[in-house]
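The block underneath contains the structure these notes are about, expressed in structure tokens.
The values are calculated or read from the model by the stated rules, or taken from the named source; none is laboratory data. Predicted model only: the values in this text are computed from it and were never measured. Glycine also receives a Cβ, built like all others from the backbone with ideal geometry; neighbour counts cover every protein chain displayed. Accessible surface is based on the protein model in full, side chains and every heavy atom, while ligands, DNA and RNA are left aside. Shrake-Rupley method; radii C 1.70, N 1.55, O 1.52, S 1.80 Å.
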Amino acid sequence: MKLNVGQAFDRLDRRVAQSALGHWFRLDGSGAKRTRVGSRFTTELRGGLATFVTMSYIISTCALILTDSGGPCDCDREQFGATCEDDPAYTTCLQVLKMDLITATCTVSCITCVLMGLLANLPIALAPGMGLIAYFAYTV
């Protein structure tokens with residue numbers, strides 16, 4: 001018996017919806033009192049995966065953009081040139097700054113996502129805006 005991918009996803013959606021997990025999340029077809037119409041396990045899984053990939057991109061890119069500003073790192077431009085590539089202290093400072101910015105972005109994103117889920121009961125991921133970060137780093 002040949003089964004196509006769409007039928008396999010439908011079967012998985014039905015099985016998960018009829019389980020305790022499907023009832024807890026009020027998936028379509030779970031029999032819960034307030035079922036969320038159109039909410040299926042595979043749809044929620046794809047949405048979560050897309051959100052994860054987007055957040056990963058934002059976290060790494062924001063840290064790189066802000067590191068380009070130099071932050072609190074200082075370099076003797078007369079000795080090492082305009083880019084300060086040959087200054088080991090400056091390069092080390094930028095690496096530490098980048099790791100600190102990744103940690104700060106992850107922490108802030110985690111706190112705001114948890115608060116959005118607990119207080120508003122909405123599955124919305126919150127992260128710093130890249131446009132504002134680019135404006136701040138390259139203009140201000």
Next on the checklist: For a quick check of your reading of the model, give me the residue pairs whose first member lies in segment 31-59 and is free of Cβ contacts under 8 Å to residues at least 24 places away in the same chain and among the aliphatic types (A, V, I, L, M), whose second is open to solvent by 50 Å² or more (accessible area, probe 1.4 Å) and assigned to a loop (DSSP other than H, G, I, E, B), with beta-carbon atoms closer than 7 Å and at least 6 apart or on different chains.
Outcome noted: Ala32/Arg26; Val37/Asp28
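Within segment 110-120, is there a residue that is under 25 Å from Phe136 (Cβ atoms) and among the small types (Gly, Ala, Ser)?
Looking for residues that are under 25 Å from Phe136 (Cβ atoms) and among the small types (Gly, Ala, Ser), one finds none in segment 110-120, hence no.
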Item to check | Unique match (being in a helix (DSSP H, G or I) and open to solvent by less than 60 Å² (accessible area, probe 1.4 Å)) among Gly48, Gly29 | outcome: Gly48
Checklist entry - Just one of the numbered conditions (1) within 22 Å of Gly117 (Cα to Cα); (2) not in a loop (DSSP other than H, G, I, E, B) is not true of Thr35; which one? => result (2)
Checklist entry - Within the set of pairs 6 or more residues apart or between chains, which connect a residue that is among the polar types (S, T, N, Q) inside segment 62-83 to a residue that is surrounded by 15 or more Cβ atoms within 10 Å (Cβ to Cβ) and in a helix (DSSP H, G or I) with Cβ atoms less than 8 Å apart? => result Thr67/Leu94; Thr67/Leu97; Thr67/Lys98; Thr67/Leu101; Ser69/Ala137
Checklist outcome for this item: The correct count of residues that are under 30 Å from Glu44 (Cα atoms) and open to solvent by 80 Å² or more (accessible area, probe 1.4 Å) in segment 125-140 is 1
Next on the checklist: For segment 57-75, which positions are open to solvent by less than 70 Å² (accessible area, probe 1.4 Å) and in a helix (DSSP H, G or I)?
Outcome noted: Ile58, Ile59, Ser60, Thr61, Cys62, Ala63, Ile65, Leu66, Thr67
Checklist entry - Can you tell me which residue in segment 32-45 is least open to solvent (accessible area, probe 1.4 Å), limited to those that are over 29 Å from Ser109 (Cβ atoms) and in contact with a Gly (Cβ under 9 Å, 6 or more places away or on another chain)? => result Ala32
